[in-house]
Each structure stands twice: as structure tokens, then as C-alpha cells.
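The values are calculated or read from the model by the stated rules, or taken from the named source; none is laboratory data. Since the model is a prediction, treat every value here as computed from it, not as a measurement. With ideal geometry, Cβ positions are generated from the backbone for all residues, glycine too; neighbour counts draw on all protein chains shown. With ligands, DNA and RNA removed, areas are computed over all heavy atoms of the protein, side chains included. Shrake-Rupley method; radii C 1.70, N 1.55, O 1.52, S 1.80 Å.
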Amino acid sequence: MSHTPIDRLAHATPPAMARRVRGLSDRAIAWLFVAPTIFLLLAINIFPLIWTVRLSFTNYAANRPGREVEWVGLRNYTRILTDDGIWANMQTTAHFLIWTIALQVVIGFSLAWLINRKFKGNDLLTTLIVLPMMLSPAVVGNFWTFLYQPQIGLINYVVELFTGIPASSFSMLGPGGLAKWSIIIVDTWMWTPFVMLICLAGLRSIPDYIYEAAEIDRASKWRQFWTITLPMVLPFLMLAVLFRGIENFKMFDMVVLLTGGGPGNETLLASIDLKREAFEKWRTGYSSAYAIILFVTVFGLASIYVKALNKVKER
Amino acid sequence: MLNELNSDGQLCDLLIGDSQWIGGGAENGHYVKLNEFFDANAISMDDFAPATVYAYSTWPKGTPNYYALPAMGDANGWFYRKDWFARDDIKAAFKEKYGRDLAEPKTQKELLEIAQFFQGREIDGQKVYGASIFTERGSEGITMGATGALYAWGFKYENTPGKYDMEGAVNSPAAVEALEFYKEFYKTATPPGYDNAYMEQSLDAFKSGQVAMAMNWFAFFPGLYADPNTGGDKIDFFVNPAQNQAGSTLGGQGISVVSYTDNMDGALEYIKWFANPDVQKKWWSMGGYSCHKAVLDDPNFVNTAPFAGDFLEAMGGVQDFWQEPAYASLLLAMQERLHNYIVADQGTAKEALDGLIADWTEVFEDEGKL
């Protein structure tokens, strides 16, 4: 007599049901378990994606239920790809993405390198450093708005203290070209600890005996860094870059609270622009095309990046 | 609110909607047409101030098709530190600089002069600034502020009403001059960091004693007058000054019956009750801005509040933004063009207005109106 889980299940169920279960193959039962998840995935992710693709070829407006929906072909895509304003927003997004990632990687790795050494108060310092990433982006956006305020803000006061430039003579979030750097500073302040933690995990995964062997071979600290530390931490670092890249490509809340995309369009990231098109102007068809273009961009870049990451891991 | 209406929601029986919503509310079937109800219950639109009926109730504009009862009249006005204006040292300094008495401005250019006079001045040991104006980027702020100057210079949305022929109207020399004026105002007479300011920032700047003058909606004036620190005898009010003509930016709302309500009788009964002259008088006495002639035409009305006369004057010269169903696209385009020019220093006023015509033309083409 067999005592497989399927048999036990069959014995515990009414005879009619048991007959049905006994007749199922392992593969069928596996599908039975996976089916709800697949159904949910199709309903929540895949169907909306397909529906968005369909809408992107129409003039549909969600706030105009009575209006006839027209098939407009590639018009939405053509308009987006030939719109100078949208290209400017993409450049703003790229500027934000590249600088935040670069700064977070450099500072995060440096902090991890320092924290990885054993010293008194190490744990307390680590906890303090990771505090910013525990805060809500809404809170961060609001209190940095006050820090940047020209009349009462701490930042302008500190600048005046060290440079003599009057605090009220410039605005970190206003015109003058500083706003795009101000949002980078805030994001770097908030998310560098995240990169640091990932790098720290990487540093702590390197076995001590490798460094001991290098010491015996009289390798300098510099050489050890380039030939042991960096190559072994690289997969972790690349993972952090992937996470931060995806997150910052869709950055919305913090920047909206800090600048609202302004002054003018200086900090208008693609995600903020897309939200305005979709849910303020209600150009649903147009914004669907916009979303598809952004999706293809992120998906394409992420796929290339993941392939590179896998190659690094295989080395 | 729009999400609620678009989903045929029954959350609200009645909706006090912004004037710009009336086109979408009517064309998309969200609001009940009230003509028959008004006729059956002897509610006459002739009993309400004409500007409010036009702005809050009619669609298409100016036609006798009513989708709301005028509920809350409002316009963008100004208030100032009356106690500062009355100080001898300040009055003397102003007279010496401009050769005239310091008083409520009669023109937009006088308004700017007064604001520039106060900019950076020290009063009671504190550095103060000229005025707080609307510069907000995200929703409607900078448009509501700048149109105060544009309307005073004679700005028109179309050459011929209803034809959407904007070239020469939207970007007329007068409009260009008005926009340049608003930019100069922002650059030379506002507190530092006021590059994204709207209603609440204007109120904060005034109540904290930072500015000599501020713009805001009349709806806030009762609260400002009651403020223990900067209200009472320290504050006074004036209507948006004219330049080439009188003109104020319209605010306010009508009250509409939502067509999806499951309590239609109750909603209509409320409208009937609210249209009653006695209820309208009480509405005004409690701080609401009635649009009913029984209130506004009362000879004693101007004495009922220090801003009552200004409110009457403002409502006589109000202009509103587009009220088209696509108003949101039109508004956000204007927000972007104005903020880019005024705050972010990009391009010229003419380029901003030319660009605005291009944006609006695209919207009207999509709407099938051009």
C-alpha cells in the first residue's frame, strides 16, 4: 500500500473527490497549485499591459466616457518621440539617474568599507547611517523643503556661514540651476545607506583566508583592493545599481514634494510627466503610449544589465 | 471628485464644483440640467448676479442651459498691512521716492511700485518684502495669479467667442506686456524662495508679517480679518487693480446635482432650499459668498464686511479660464508655459504665449473643435 502525500490526501477526502485526485498526474497537481498565482499574474499584470498597448493606439480619455474612441494608429507614439519637451524630460531623468547612482555607489561603498572594520560603536554607527532609508519619502520631501528654504532653511544658512553669500540671495529649489542638484542630494542622503548595506554584505562574504594568502604573497593593500575586494563585491554592487536604477527611474513622490517638477520643467522627471498626462490631463491613449515607451526602455536596459550581471557572477 | 463622477459614483448627491468643471460636467452627463426644475419651483437666474450665472451655471457658455445654482462667489483680490501704510515714516519715505501718497493702488503699475517700495525694507527690526503672489507650478497657482495681470491688460482667449481663434488674442502685445509685468513683479517684489507659492503660502507670508501685500481668494478674507495678529485694524482689502481695463480672476463654485445620485428628490429639495433669499442672507452672514441679488443689492451690503464692497466690484469684472471639458489639459499647458517663463527664466513672454497657442491648438484639434 502506497503512503504518498497524494494517497493520504485522497484518503482524507470524500470518495468522489478522492477518485478525481487519484486520477491526476503530479504535473496536473503542480499546475493546480500554481494556477491561482498564474491567474492573478495574468489578471493584474499581463492583461493590463496588453490593454495598455491597445489603448496606446487610440484617443481614449478616461474622463470622457461618452466620447467615441478612435483608432489613431501610431499618432501617439509619433507625437511623443518627436516632442522636444519629452526628450528634455528624459534627459532630466537620465541626469537624476546617473548622478544619484554614481554618488550612492561611491559613498555607499566607502561607508561600507569603513564600517566593515571592527571598532567600538560600529553597530550604533551602522544603525544611525541607515536611519534615512527608514523614513517615508513624503516625510523626507517635506523636511528637506524646509532645510532648503532660503529664509529659514539650514542649508542656505550654512552656505552663508562658510562663503558669505547671503542666505536669501539664492534658492536651492528655485531658479538658477540648483534644483536638479538639490533633488540628487536628497535622494543620495536617503538611499546611500541601502547601497552601503548591500556592499557590506558583499564585503563580509569575502573569506579572510584570501586576504591572508595575499598578505603572504606580500600584495599591497591597494593590490588587494583591486584584485580581491572589488571583483568579489562587484556582483553585489551591480545588484545595488540595478535596484536603485529601477527605483529612481520611477521616482515620483519625493521630487513632487520638493519641487513639483519645477522650476519650470527643470526637475520634471518622466514619471511625473506621465502622471500629469494620465491623471491630470486625462489623455489616456497618449499616456498609455508614453508608459509603453518607458516600459520598453526600462525593460530593455534592465535585461542587458542583468545579462552583464550574470556574466560577472560566473567569473 | 472627477474620478467619482467618471465612475458614475453615488458618493455625492450634490457637488460644489469649480467653474471650470461645468463643461465636462454637462457634456459628460455628470450634472443634471436644472432648467425644468428651476421653472417648476420659481427659481429664477435673474435673481442672481449675472457674472455668477454666466460663470457657474451655463453650458455652453452664456446660453440659458443651467447645470448649477450659483453657490459661492469668489475672485482673486488683494489685502495689505493697513497699519504699515498708515505709519508716518513709511508714508514720508514713499512720498519722497514716488512723489505721491501711499494708498491702495489704482493700477497694476502702482501696485508694483508699492510692492517694490516695501521689498527688503526694515520694519520694527524685521526685514519685510513687497507682496506674495501665486507662482505655484503643479495645479493652477501661477495661472490664477498671472491672469490677474493679463485680464487687467485686456487679455482675451479668443478673437471671436466660441471660434477658438487664439492667434492675436492670446499673444497680443498687451498680453505680452502683462506677462512681462508679472515676471518683473515676481523677480523684484516677492520674498525669497516664493517660486512655488499658492494660497497657503500667501496666507503664511502675510500672517507671519513678511509681506506688505498679498493676493488671494476672497473666500479667505473673513478669516484674515479675524486673525488676532494681522487682522482687524491692521488689515484692509482692495480689488485687483485695473491697467488697461478692470479685470479679476474668477474663483468660486456653483452647486450641481449629480446625475448618478440615488437621492434625486433630496438633492433637488436642497437646491430649492439653498436658493431661498433668507437662506442666502444667512449664508453671507456666516461667511459664505452669496451670489443672490437679495444679498448683493441690499443697500447695506457694502457695510456688512470690510471687503464686501471690493467683492461686489470684483464680481463685476471677473473673467474665467476656459471651461471646456478639456480644461485640465488647457490649464496644465498654461501652468507649464508660464512657470517656464516667469520662474525658470526660459525664453520670452512672446515665446511663452506663442507656445501656449500651439499647445491649446493641439488640445482643441484632439477635441474636434478645430
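Points to keep in mind about this one:
- A count restricted to segment A:240-266 and to residues that are at the interface with chain B (Cβ under 10 Å from one of its Cβ atoms) and polar (S, T, N, Q) stands at 2.
- Residues of segment B:330-370 satisfying the condition of being under 18 Å from residue A:265 (Cβ atoms), part of a loop (DSSP other than H, G, I, E, B) and either more than 23 Å from the chain's Cα centre (by Cα) or not β-branched (Val, Ile, Thr) (or both): B:344, B:345, B:346, B:347, B:348
- In segment B:360-370, of all residues being more than 10 Å from chain A (Cβ to nearest Cβ) and touching a residue at least 12 places away in the same chain (Cβ under 8 Å), the one that is surrounded by the most Cβ atoms within 10 Å (Cβ to Cβ) corresponds to B:360.
- The test for being buried (at least 21 other Cβ atoms within 10 Å of the Cβ) and at negative phi holds for residue B:275.
- Taken over segment B:336-351, residues that are surrounded by fewer than 24 Cβ atoms within 10 Å (Cβ to Cβ) and more than 9 Å from chain A (Cβ to nearest Cβ) amount to 5.
- Looking only at segment B:183-202, and only at residues there that are under 17 Å from residue B:78 (Cβ atoms) and small (Gly, Ala, Ser), the one that is nearest to the other protein chains (Cβ to nearest Cβ): B:197
- Residue list for segment A:198-243, filter: under 19 Å from residue A:102 (Cα atoms), touching a helix residue (DSSP H, G or I) at 6+ places or on another chain (Cβ under 8 Å) and aromatic (Phe, Trp, Tyr): A:236, A:243
- Of everything in segment A:302-312 that is touching a residue at least 12 places away in the same chain (Cβ under 8 Å) and open to solvent by 30 Å² or more (accessible area, probe 1.4 Å), the residue that is farthest from the other protein chains (Cβ to nearest Cβ) is A:308.
- Beta carbons closer than 9 Å, at least 6 apart along the sequence or on distinct chains, pair a first residue in segment A:135-158 that is more than 18 Å from residue A:181 (Cβ to Cβ) with a second that is aromatic (Phe, Trp, Tyr) and open to solvent by 40 Å² or more (accessible area, probe 1.4 Å) for A:135/A:143; A:137/A:252; A:152/A:146.
- Lone unmet requirement of (1) within 14 Å of another protein chain (Cβ to nearest Cβ); (2) more than 30 Å from residue A:253 (Cβ to Cβ); (3) not hydrophobic (A, V, I, L, M, F, W, C) for residue B:124: (1)
- Filtering segment A:70-83 to residues that are open to solvent by less than 70 Å² (accessible area, probe 1.4 Å) and assigned to a loop (DSSP other than H, G, I, E, B) leaves A:72, A:73, A:83.
- Subset of segment B:203-224 that is open to solvent by 20 Å² or more (accessible area, probe 1.4 Å) and small (Gly, Ala, Ser) - its residue that is nearest to the other protein chains (Cβ to nearest Cβ): B:208
- When each of B:145, B:154 is tested for being touching a Ser or Thr at 6+ places or on another chain (Cβ under 8 Å) and open to solvent by less than 10 Å² (accessible area, probe 1.4 Å), the lone residue that passes is B:145.
- In the set (1) surrounded by fewer than 20 Cβ atoms within 10 Å (Cβ to Cβ); (2) in contact with a Leu (Cβ under 6 Å, 6 or more places away or on another chain); (3) not polar (S, T, N, Q), residue A:185 fails one condition alone, (2).
- Single condition residue B:236 does not satisfy, out of (1) more than 26 Å from residue B:46 (Cβ to Cβ); (2) assigned to a loop (DSSP other than H, G, I, E, B): (2)
- The residue of segment A:257-286 that is nearest to the chain's Cα centre (by Cα), among those that are of a type in the set (Gly, Ala, Ser) and farther than 22 Å from residue B:21 by Cα, is A:271.
- Here the condition is being modelled with pLDDT under 95 and open to solvent by 30 Å² or more (accessible area, probe 1.4 Å); of A:274, A:257, it holds for A:257 alone.
- Segment A:21-69, residues that are surrounded by 11 or more Cβ atoms within 10 Å (Cβ to Cβ), modelled with pLDDT under 95 and within 14 Å of chain B (Cβ to nearest Cβ): A:59, A:60, A:61, A:62, A:63, A:64, A:65, A:67, A:69
- Any hit, segment A:196-206, residues being assigned to a loop (DSSP other than H, G, I, E, B), among the aliphatic types (A, V, I, L, M), more than 30 Å from residue B:342 (Cβ to Cβ) and more than 14 Å from every other protein chain (Cβ to nearest Cβ): yes
- Residue in segment A:110-119 that is over 30 Å from residue B:24 (Cα atoms), under 25 Å from the mean Cα position of the chain (by Cα) and open to solvent by 60 Å² or more (accessible area, probe 1.4 Å) present: yes
- Checking each residue in segment B:242-258 for being assigned to a loop (DSSP other than H, G, I, E, B) and open to solvent by 40 Å² or more (accessible area, probe 1.4 Å) picks out B:243, B:244, B:245, B:246.
- Qualifying residue in segment B:226-241 (condition: open to solvent by 40 Å² or more (accessible area, probe 1.4 Å) and touching a residue at least 24 places away in the same chain (Cβ under 8 Å)): yes
- Residue check for residue A:100: under 27 Å from the mean Cα position of the chain (by Cα), within 30 Å of residue A:237 (Cα to Cα), within 14 Å of chain B (Cβ to nearest Cβ) and surrounded by 17 or more Cβ atoms within 10 Å (Cβ to Cβ): no
- Residue satisfying all of: in segment A:145-159; of a type outside the set (A, V, I, L, M) and open to solvent by less than 80 Å² (accessible area, probe 1.4 Å); farthest from residue B:120 (Cα to Cα) among these: A:145
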